[in-house]
1. Which one is farthest from the chain's Cα centre (by Cα), of the residues in segment 8-29 that are in contact (Cβ under 8 Å) with a residue 12 or more places away in the chain and surrounded by fewer than 20 Cβ atoms within 10 Å (Cβ to Cβ)?
2. For segment 44-61, enumerate the residues that are in a loop (DSSP other than H, G, I, E, B) and in contact with a helix residue (DSSP H, G or I) (Cβ under 9 Å, 6 or more places away or on another chain).
3. Among what's in segment 65-78 and is in a helix (DSSP H, G or I) and in contact (Cβ under 8 Å) with a residue 40 or more places away in the chain, pick the residue that is farthest from Ile96 (Cα to Cα).
4. Can you name the residue in segment 55-103 that is more than 15 Å from the chain's Cα centre (by Cα) and among the acidic types (Asp, Glu) and is also farthest from Ser25 (Cα to Cα) among such residues?
5. May I ask you to say which residue of Leu129, Leu101 is part of a helix (DSSP H, G or I), surrounded by 12 or more Cβ atoms within 10 Å (Cβ to Cβ) and of a type outside the set (Ser, Thr, Tyr)?
6. Conditions: (1) surrounded by 15 or more Cβ atoms within 10 Å (Cβ to Cβ); (2) in a loop (DSSP other than H, G, I, E, B). Thr95 meets all but one. Number of the miss?
7. I'm checking my understanding of the structure. Among residues of segment 38-86 that are of a type in the set (Val, Ile, Thr) and under 15 Å from Arg120 (Cβ atoms), which one is surrounded by the fewest Cβ atoms within 10 Å (Cβ to Cβ)?
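Just so it is clear, none of the values below were taken in a lab; they were calculated from the coordinates. In this text, all values refer to a predicted model and were calculated from it rather than measured experimentally. Glycine also receives a Cβ, built like all others from the backbone with ideal geometry; neighbour counts cover every protein chain displayed.
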Amino acid sequence: MYIWHHLWTSIALGIVLYPVFGWWSACVIIGGFVIDVDHYITYIILEHDFSLKRSVDFYLGDGWRKHAPVLNIFHTSEFFMLLLVLSFVHVSFLTIFSGYLLHIVLDFIHETLHDERGERAGSIVGWFLAHRKTG
């Protein structure tokens with residue numbers, strides 16, 4: 001999904017949550033938008049390149065597919081569970097989790113519509129087990 005869609009839907013969710021959570025609702029943007037920084041981190045690791053523009057081109061094109069399943073660490077079940085647990089600790093994490101949940105649902109819809117399901121690792125542990133060296 002395009003990064004700007006995540007930004008605008010996160011802002012909209014933050015506005016909806018504002019009457020309930022006040023300024024804490026601004027944290028929705030962390031979970032709904034900022035978490036996509038893991039795409040850039042993954043690009044740096046895979047391509048040994050710090051160019052933000054080439055990173056965007058990498059994901060908008062098919063460059064990432066040669067590495068599938070790609071490990072985007074903030075898009076994994078372990079990170080989901082961590083945020084879920086933290087959401088019971090403080091309201092800031094609850095609003096971050098709300099944005100994150102929106103983000104993940106939008107990604108799921110996008111990946112389903114564009115036949116990209118399974119091209120991102122759903123688990124850190126699963127990814128490491130699949131990529132461990134044997135012998």
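1. Checking each candidate, the answer is Phe21.
2. Asp49, Phe50, Ser51, listed by residue number.
3. Looking at the filtered set, the residue picked out is Arg65.
4. Among them, the one singled out is Asp62.
5. Leu101
6. Just one mismatch for Thr95, condition (2).
7. By that ranking, first place goes to Ile45.
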